[in-house]
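S.K.: Below you will find the structure I want to go over with you.
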Amino acid sequence: MMDGLADGPHRRYNALTGEWVLVSPHRTRRPWQGQQEKPAVEQRPSYDPACYLCPGNERAGGMTNPDYTEPFVFTNDFAALMPDQTVNGKYQEGLLKAEPSSGTCRVICFSPRHDLTLPEMAPADIRKVIDVWARETADLGRRYKWVQVFENKGAVMGCSNPHPHGQVWAGNFLPNEPAKEDACQRAHHHLHQSPLLMDYAAMELREQERIVEVNEHWIAVVPFWAVWPFETLLMPRRHIHRMPDLRDAERNALSQILKSLLTRYDNLFSCSFPYSMGWHGAPTGVTREADTGHWQLHAHFYPPLLRSASVKKFMVGYEMLAEAQRDLTPEQAASRLREQSSIHFKKQKESVS
Ligand code: H2U
Ligand code: ZN
């Protein structure tokens, strides 16, 4: 890597979005007097009669969940997108512009067990979640231009319920984030005749410094341009457009790397590590097929924690008004994550006592 990037202020370019991030490594030496205490590990029952996601329980809309034993998907009772367009046509009045949007939102319960999270689930059960992600992408992708699979984990990320669950929102438009990635990947592909993220992964495999974990089919890195302290980017090692294209062995390998990556996250501050994560693949919908060669499937993990289970990074001030900034370098963050055990801290305690 270029000299000096570990020491002094510099900006890094996000090749995937075209945005810059300010990195200030010298600031990690400043004194810190905030709290650093170890959090109490929350104990939850495997079934909670008051949880609207547990099997057999009633939800807000008056619907009752079945006694599910596998991942369970239902249409969000408070969906942000609706299948029927109620707004007619495009609207433009000088600077004021609006357009109708239609879509649907679903909730995916990862497990009937109220007390588990993805890193605590068996790889075979994580695999079932992967299959649901792929199936939902294929199903909704037939009708909608963009299918966003994601998970909000932890109260700091606005997650309303600790029962392990994710969501999928599908809409008839290309949202801001994938639109930036589409433009950058397209431009790179046009120039180099190869997918941007394939070239990027090859470079990370050569440099090694930012790799958190690799297996036969996947690579997880703290990207060169990471904004969140312990942000990671997870990519397949084969050129794959979308989740439904993943083969059996690739799905199994994904369940393994998800389990160990998320275990490292939990171990970092001995807590259930909060984050927003989600999958990006080629846009979908009927007209898209010929125009997706530049896309490589990947997942982003954006965790807010910085220094302990209770000290998070705030995206405020300069970040809101100018551009994203970080102190810890992505290389330092990757090394911290690599140092973590891939055995969950809750299991480590069990084996000691
Ligand atoms: P969070 O990941 O943001 O906690 O999402 C939970 C979702 O569950 C949220 O989008 C939905 C909310 O609208 N929900 C239902 O669909 N039915 C309910 O009975 C409660 C919550
Ligand atoms: Zn529950």
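Please treat every number below as a calculation from the coordinates, not as lab data. Nothing here was measured: the structure is a model prediction, and the numbers come from that model. Backbone-built Cβ (ideal geometry, glycine too); neighbour counts: all protein chains shown.
S.K.: Which value results when the Cα radius of gyration for the stretch 94-228 is divided by 2.2 N^0.38 Å?
M.R.: Details: Rg = 18.1 Å, N = 135, 2.2 N^0.38 = 14.2 Å.
Relative to the 2.2 N^0.38 Å estimate, the stretch 94-228 comes out at 1.28.
S.K.: Still on this structure: State the three equivalent ellipsoid semi-axes of the chain, derived from the C-alpha gyration tensor as the square roots of 5 times its eigenvalues, in descending order and whole Å. Walk me through the numbers before you get to the answer.
M.R.: Working: eigenvalues 180, 164, 90 Å².
They are 30, 29, 21 Å, listed from largest to smallest.
S.K.: Now for a separate question. Mind listing the long-range amide H neighbours of residue 240? Cut-off is under 5 Å, sequence gap 5 or more, other chains count too, H placed in the peptide plane at 1.01 Å from N.
M.R.: 297
S.K.: Let me ask you something else. Pairs of Cα atoms under 8 Å, at least six residues apart: use those to get the relative contact order of the chain, whole percent.
M.R.: Working: 682 pairs, mean separation 75.7, N = 353.
Relative contact order, the chain: 21 percent.
S.K.: Would you order 205, 305 from fewest to most other beta-carbon atoms within 10 Å of each residue's own beta-carbon?
M.R.: With the sparsest Cβ surroundings first, the list reads 205, 305.
S.K.: Separate question: So what is the relative contact order of the stretch 1-147, in percent, for Cα pairs below 8 Å that sit 6 or more residues apart?
M.R.: Details: 153 pairs, mean separation 24.9, N = 147.
Reported as a whole number, the value is 17 percent.
S.K.: So, one more: Once phi is turned into θ = phi - 60°, what whole-Hz ³J(HN,Hα) does the Karplus curve with 6.51, -1.76 and 1.60 give for every residue of the stretch 203-219, x standing for Gly and Pro?
M.R.: Going residue by residue, I get 5, 5, 5, 6, 7, 6, 4, 9, 6, 9, 7, 9, 9, 4, 10, 9, 9 Hz, with x marking Gly and Pro.
S.K.: If you average the alpha carbon positions of the stretch 1-24 and of the stretch 295-353, how far apart do those two centres end up, in angstrom?
M.R.: Computed from Cα coordinates, the inter-centre distance equals 18 Å.
S.K.: Given a Förster distance of 41 angstrom, what is the FRET efficiency for residue 207 paired with residue 93, based on the Cβ-Cβ distance and rounded to 0.05? Don't jump to the answer; show the numbers that get you there.
M.R.: Working: r = 51 Å, r/R0 = 1.25.
The pair residue 207/residue 93 has a calculated efficiency of 0.20.
S.K.: Given a Förster distance of 41 Å, report the FRET efficiency between residue 342 and residue 179 from their Cβ-Cβ distance, rounded to the nearest 0.05.
M.R.: 0.70
S.K.: Something else about it: So which cysteines in the chain don't have a second cysteine's C-beta under 4.7 Å from them?
M.R.: 105, 109, 159, 184, 271
S.K.: Among 153/347; 97/259; 259/313; 180/312, which pairs are too far apart, with a Cα-Cα distance over 32 Å? Can you show the working numbers first?
M.R.: Numbers: 153/347 21 Å; 97/259 44 Å; 259/313 24 Å; 180/312 27 Å.
The pairs that break the limit, which is 32 Å between Cα atoms, are 97/259.
S.K.: To the nearest 500 deg cm²/dmol, what mean residue ellipticity at 222 nm is calculated for the chain from DSSP H runs of n ≥ 4 alone, each contributing -39,500 (n - 2.57), summed and divided by the residues? Each step should come with its number before you reach the end.
M.R.: Working: 7 runs with 91 residues, N = 353.
Only helices count here, giving -8000 deg cm²/dmol.
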